[in-house]
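Engineer: Below is the structure I would like to discuss, written out as structure tokens.
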Amino acid sequence: MKAADRVLVPTITAQEPPPSTRPGDPGTSPRRPGGDRLRALDGLRLLAALMVCLYHFAGKNGEVAASWDQSPGQKFPTLSQVATYGSLGVQFFFLISGFVICMSSWGRGPGDFFRSRVARLYPAYWVAIVLITAAGCLLPVVVHPLRPNEILVNLTMLQQPMGVPRVLGVCWTLWVEVRFYALFALLVVWRGVTYRRVVVFCCLWTLAGVFARVADHPLTDELVMRDHAPYFIGGLALYLIHRFGGSLLLWGIVGFSFLLGQRYSVTALWHPGAEGDFHRDPYVIQAIVLLAFAAVAAVALGWTRWANWRWLTVAGALTYPFYLIHEHLGWFFIRVLYRYFGMGPYLTFAVSVLGLLGIAWLMHRYVEKPFGPRLKRALAVRPDGLGKGGAA
């Protein structure tokens, strides 16, 4: 790393650019007292979650087909052709996450960064584990409950590296996020987040992803996340553009991230030839990835300041709990409403989504809001009990 600093840093910038004074610059935190909140970003987060929900309800086969008692491709001939692209909402999430994590970590030490991530992720996650396990006990045909020892490991959020089955189907993305947090904390937050360090991190991570593809080894893939890294890197660079203004270097990082990211998305999601009820066009995949980058870039450039409605803040608050519960609990709702109560398919679809949003609101109101801050404060208390600890 020291050698890289000697070579790369003088080329990147002679000194750190002054912070932007444009309206909407979030400064050190996305929620400064009296400051601006990027509400459009909250709306994009919910949009990404709804894309994934659409995919799980109408864009794939498997368990959801059993709930509908028919392939969604046949149940929703037109909607399913759109829904199958909803899986790209995950990559949209990673792009937004890079932006948000860079924004929220500015001015924080590693201890505060760690506490904020734990308090943000775990309370709703634990409740989601309980809800999905309960649904599996009530209707095992939809969600098969795991053994107690497997459920307990799931509470750690480390079930994937432990080789334990997942309670939540979507939690594989949380493992990706956790690895991103760890990399960013160890290589950037630990020494203090600055323009130079974030840029060097982006450049080195991009190169590491390329070398990992050449090495083609499971361990390097797990550490570097070669397929997902371009989206996080693009989000990090877009936040620097938002905070400091655009430059050829930063837009170059965004451009490289898009070029590498669209390649991964096409190779992962497009398969030539017949695909049964679902088929993805590679050009549509590329277009959606481009639109995702363009949407976050619009936020970075301040073009979305007009989207300042308060309901977008609520939408952003619902995103994480909704994302956690929507898949398995949604299949549970579909089977009950459609097959047992005889609702029409589109009404079942709408009621299921609205019901899940309602549960997500309850989780946010009665779990995240009261227990998240308490957990963060508890983690900040020193063992001697004399007060709050500083940065680790």
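Engineer: Can you pull out the residues in region 307-332 that are among the aromatic types (F, W, Y) and at pLDDT 95 or above? Working first, answer last.
Structural biologist: Keep residues of region 307-332 that are among the aromatic types (F, W, Y), which gives 309, 311, 320, 322-323, 331-332.
Y320, F322, Y323, listed by residue number.
Engineer: For region 266-290, name all the residues that are in contact with a Gly (Cβ under 8 Å, 6 or more places away or on another chain) and loosely packed, with under 14 Cβ neighbours inside 10 Å.
Structural biologist: The one that is in contact with a Gly (Cβ under 8 Å, 6 or more places away or on another chain) and loosely packed, with under 14 Cβ neighbours inside 10 Å: G276.
For (1) out of contact with any strand residue (DSSP E or B) (no Cβ under 7 Å at 6 or more places or on another chain); (2) acidic (D, E); (3) assigned to a helix (DSSP H, G or I); (4) under 30 Å from P123 (Cα atoms), each residue gets a yes or a no:
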position: M157; (1), (2), (3), (4): yes, no, no, yes
position: V164; (1), (2), (3), (4): yes, no, no, yes
position: W175; (1), (2), (3), (4): yes, no, yes, yes
position: F180; (1), (2), (3), (4): yes, no, yes, yes
position: L186; (1), (2), (3), (4): yes, no, yes, yes
position: V200; (1), (2), (3), (4): yes, no, yes, no
position: L204; (1), (2), (3), (4): yes, no, yes, no
position: L207; (1), (2), (3), (4): yes, no, yes, no
position: V210; (1), (2), (3), (4): yes, no, yes, no
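Engineer: Ok, one more. With the checklist (1) closer than 15 Å to H56 by Cβ; (2) touching a helix residue (DSSP H, G or I) at 6+ places or on another chain (Cβ under 6 Å) in hand, flag the one item V127 doesn't pass.
Structural biologist: Status for V127: all satisfied but (1).
Engineer: Pick out the one residue from F322, F293, F333 that is free of Cβ contacts under 8 Å to residues at least 24 places away in the same chain, crowded, with 16+ Cβ neighbours inside 10 Å and in contact with a helix residue (DSSP H, G or I) (Cβ under 8 Å, 6 or more places away or on another chain).
Structural biologist: On the way: F322 fails: free of Cβ contacts under 8 Å to residues at least 24 places away in the same chain; F293 fails: free of Cβ contacts under 8 Å to residues at least 24 places away in the same chain.
Unique residue meeting the criteria: F333.
Engineer: Would you pick out the residues in region 195-228 that are in contact with a Leu (Cβ under 9 Å, 6 or more places away or on another chain) and without any contact (Cβ under 8 Å) to a residue 12 or more places away in the chain?
Structural biologist: R197
Engineer: Could you figure out which of (1) of a type in the set (G, A, S); (2) buried (at least 20 other Cβ atoms within 10 Å of the Cβ); (3) within 24 Å of T313 (Cα to Cα) isn't true of S116?
Structural biologist: (2)
Engineer: Can you say whether S104 is farther than 19 Å from W331 by Cα, touching a residue at least 12 places away in the same chain (Cβ under 8 Å) and among the small types (G, A, S), as far as the supplied structure shows?
Structural biologist: The answer is yes for S104.
Engineer: Say whether the condition of being over 27 Å from L324 (Cα atoms), assigned to a helix (DSSP H, G or I), at pLDDT below 95 and in contact with an Asp or Glu (Cβ under 7 Å, 6 or more places away or on another chain) is met by at least one residue in region 212-220.
Structural biologist: Scanning region 212-220, I find at least one residue that is over 27 Å from L324 (Cα atoms), assigned to a helix (DSSP H, G or I), at pLDDT below 95 and in contact with an Asp or Glu (Cβ under 7 Å, 6 or more places away or on another chain), so the answer is yes.
Engineer: Right, next: Quick one: in region 130-147, of everything that is in a helix (DSSP H, G or I) and out of contact with any helix residue (DSSP H, G or I) (no Cβ under 7 Å at 6 or more places or on another chain), which residue is surrounded by the fewest Cβ atoms within 10 Å (Cβ to Cβ)?
Structural biologist: First pass over region 130-147, keeping only residues in a helix (DSSP H, G or I): 130-138.
From the residues that got through so far, the ones that are out of contact with any helix residue (DSSP H, G or I) (no Cβ under 7 Å at 6 or more places or on another chain) too are 130, 134, 136-138.
Numbers: V130: 12, A134: 14, G136: 19, C137: 10, L138: 12.
The extreme case among them is C137.
Engineer: Only one residue in R243, R305, R263 is in contact with a Pro (Cβ under 7 Å, 6 or more places away or on another chain), assigned to a helix (DSSP H, G or I) and surrounded by 14 or more Cβ atoms within 10 Å (Cβ to Cβ), so which one is that? Step through it out loud before you land on a result.
Structural biologist: Working: R305 fails: assigned to a helix (DSSP H, G or I); R263 fails: in contact with a Pro (Cβ under 7 Å, 6 or more places away or on another chain).
Matching residue, one of R243, R305, R263: R243.
Engineer: So which helices (runs of 4 or more DSSP H) are wholly in region 1-79 and hold at least 1 residues that are over 14 Å from W331 (Cβ atoms), at pLDDT below 50 and among the charged types (D, E, K, R)? Can you show your working first?
Structural biologist: Numbers: elements: 2-12, 39-58, 63-68, 72-75.
Answer list for region 1-79: 2-12.
Engineer: A further question follows. Considering only residues that are within 17 Å of the chain's Cα centre (by Cα) and not in a helix (DSSP H, G or I), which ones fall in region 291-302?
Structural biologist: none
The values are calculated or read from the model by the stated rules, or taken from the named source; none is laboratory data. Not measured: the values here are computed from a predicted model. Cβ: placed from backbone, ideal geometry, glycine included. Neighbour counts: every protein chain shown.
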